[in-house]
Protein chains: 2
Amino acid sequence: MPHDFPSMLKELHLKVTPRRLATLAALATATTYVSPEEVHKRLQGEFARIGLPTVYRNLEELAAGGVITKVLHPNRQLYYYFCPNRSHHHHFVCLACRTVEDLECCGLEEVEKQVGGRVLSHIVQANGLCQACLQAGREAAA
Amino acid sequence: MPHDFPSMLKELHLKVTPRRLATLAALATATTYVSPEEVHKRLQGEFARIGLPTVYRNLEELAAGGVITKVLHPNRQLYYYFCPNRSHHHHFVCLACRTVEDLECCGLEEVEKQVGGRVLSHIVQANGLCQACLQAGREAAA
DNA sequence: CATCTGGATGGAAACCATTTTCATTTAGGA
DNA sequence: TCCTAAATGAAAATGGTTTCCATCCAGATG
């Protein structure tokens, strides 16, 4: 069953606009994490007018709603990834081919207990080279 | 025994300069993570001339050498923290009072095995409110 | 101690991903 | 069909961070 993008948007109380649907479609069909700039470029093939701020805004809203995932690159730029896995987990991202792999959830759930405070957010992300890139001798890229 | 900053710098093949020593001293005496801007401001009390680029460069070099730790704020700015704990571990940072607590190391060591590739770097950081801030009703700040 | 050399530094400018502003358009309920 | 708040584009601003380059200094050498 294909993704039901309109329902996803409605659940987030976002209007179902052509640009948002196209953004979701672009992410869902990408095999790697992508930059806002790249999403913008791709949408320019579908819309005569599409502003970069719109892309930034929509990506941010979708990520805030949990429909897509942010990838924090070591270069500190933001990338986005459509992760169909709805359960709580973390990612390994290949810095060469930009693929994303799910990781088993690690013990961060106990952190709040350990700290005694409240965990508002957390980052658990491993960066590196996937098996394929390692064997192919590819290197990390910005 | 106080910290031996000159030795730390020499181990990293960095020259022992007054600015670097003052930067380390500033971080070591701070009870919270601090921004490059804040380090710069503090050093202005010690040096008639101190450039912001110098502060950025030195902080980056010290972090690259593992002498200090980067704190990745949710607002995507970089902060730094002098963590005397030399063993591998991760951090919980309070977004209200900016204190940093050590976390027990979680299972990231097995990630490389799980992925089959090579982990070049990883981020494991919990953000939130520490116990004291939670009880005091303080809130997260930028 | 004097000299030498590459690393360290300051100031100004550049960078550039991201955000803000604001006028215009549009989704979707009334 | 209307209406209103949300969505959008274009242009400009933002601001943390980095680059450039001339000058300075740590520290090795003799």
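All of the numbers you see were taken from the coordinates with simple rules; none came from a lab. Remember, it's a predicted structure, so these values are computed and weren't measured experimentally. All Cβ positions, glycine included, derive from the backbone under ideal geometry; neighbour counts span all protein chains shown.
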For label points placed 7 Å from Cα toward Cβ, what is the shortest-first list of nm distances from B:Lys15 to its copies? 6.1
Counting only helical runs of four or more DSSP H residues, what would the 222 nm mean residue ellipticity of chain B come to if each run contributes -39,500 (n - 2.57) and the total is spread over all its residues? -10000 deg cm²/dmol
Given C-alpha coordinates of the stretch B:90-136, what is the ratio Rg to Rh with the Kirkwood estimate of Rh? 1.16
Quick one: longest stretch of chain B between exposed loop trypsin sites (Lys or Arg not before Pro), exposed meaning at most 16 other C-beta atoms within 10 Å and loop per DSSP? B:87-137
To make sure I understand the rule: partners must be lysines, Cα under 20 Å from the Cα of B:Lys70, and not fewer than 8 residues away in the same chain. Which ones qualify? A:Lys70, B:Lys41
Using a 10 angstrom cutoff on alpha carbons, build the Gaussian network for chain B and name the most mobile of B:Val67, B:Val111, B:Val93. B:Val111
Rank A:Thr23, A:Gln135, B:Met8 by how far each Cα sits towards the positive end of the charge dipole of the protein assembly as shown (+1 on Lys, Arg Cβ; -1 on Asp, Glu Cβ) and give me just the farthest. A:Thr23
For chain A, just run the numbers: alpha carbon Rg, then divide by 2.2 N^0.38 Å, N being how many residues it has. 1.14
Gaussian network model of chain B, Cα springs within a sub-10 Å range: biggest mean-square fluctuation belongs to which of B:Tyr81, B:Tyr56, B:Tyr33? B:Tyr56
Around B:Cys97, which amide H atoms from residues at least 5 apart in sequence, or from another chain, sit under 5 Å from its own amide H, with H modelled in the peptide plane? B:Cys130
Relative contact order (%) - criterion: Cα under 8 Å, at least six apart; region: the stretch A:20-77: 29
With springs connecting C-alpha atoms under 10 Å apart, model chain A as a Gaussian network and identify which of A:Leu120, A:Leu27, A:Leu12 has the largest mean-square fluctuation. A:Leu120
Dipole magnitude of the stretch B:1-103, debye to nearest 20 (Cβ charges: Lys/Arg +1, Asp/Glu -1, about Cα centre): 300
A correct Karplus calculation of ³J(HN,Hα) over the stretch A:75-87, with 6.51 cos²θ - 1.76 cosθ + 1.60, θ = phi - 60°, whole Hz and x for Gly and Pro, returns 6, 6, 8, 9, 10, 10, 8, 8, 9, x, 6, 7, 7
Suppose every K and R has +1 on its Cβ and every D and E has -1 on its Cβ; what is the size of the dipole of the stretch A:90-136 about the Cα centre, in Debye to the nearest 20? 180
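What do you get for Rg/Rh of the protein assembly as shown when both radii come from the Cα atoms and Rh is the Kirkwood radius?
Answer for the protein assembly as shown: 1.00.
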Which whole-number percent is the relative contact order of chain A (Cα, under 8 Å, 6+ apart)? 19
Principal axis extents for the stretch A:5-81, Cα atoms only, whole Å, descending order, please. 33, 28, 22
Placing the label point 7 Å from Cα along the Cα-to-Cβ direction, what are the distances from A:Glu110 to the equivalent spots in the other copies, shortest first, in nm to one decimal? 1.3
Could you give the longest part of chain A that holds none of the GluC sites (Glu not before Pro) found in DSSP loops with at most 14 neighbouring Cβ atoms within 10 Å? A:47-103
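Charges only on Cβ, +1 for Lys and Arg, -1 for Asp and Glu: so what's the dipole of the protein assembly as shown about the Cα centre, in debye to the nearest 20?
Here the protein assembly as shown has a charge dipole of around 1020 debye.
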At A:His88, label 7 Å along Cα→Cβ: distances to the other copies, nm, ascending? 2.5
